[in-house]
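Colleague: If you scroll down you'll find the structure; I have some questions about it.
A short reminder: the numbers here are calculations on the coordinates, not readings from a lab. Note that the coordinates shown come from a computational prediction; the quantities given were computed from them, not determined experimentally. So basically every Cβ, Gly included, is an ideal-geometry build from the backbone, and we count neighbours across all protein chains shown.
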Amino acid sequence: MAETRKMIAETGKLKRETSFYPFVAPEGLITVIVTAAAFIHKF
């Protein structure tokens, strides 16, 4: 559970960075995929 929370925090950080740097859109896409995988794994 703590690991999931850490991942969500990392995702939030990456999302903020991505919104400031539109040129790192591929990383943003990877973040979305990783987050989705984390939630699928959780349930």
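Colleague: Stretch residue 2-residue 29 to full length: gain in nm at 0.36 nm per residue minus the Cα-Cα span?
Modeller: Fully extending the segment from residue 2 to residue 29 adds 7.4 nm.
Colleague: Return the distance in nm (one decimal) between the two label points of a simple spin-label model at residue 9 and residue 43, each offset 7 Å from Cα along Cα→Cβ.
Modeller: For residue 9 paired with residue 43, the spin-label model returns 2.5 nm.
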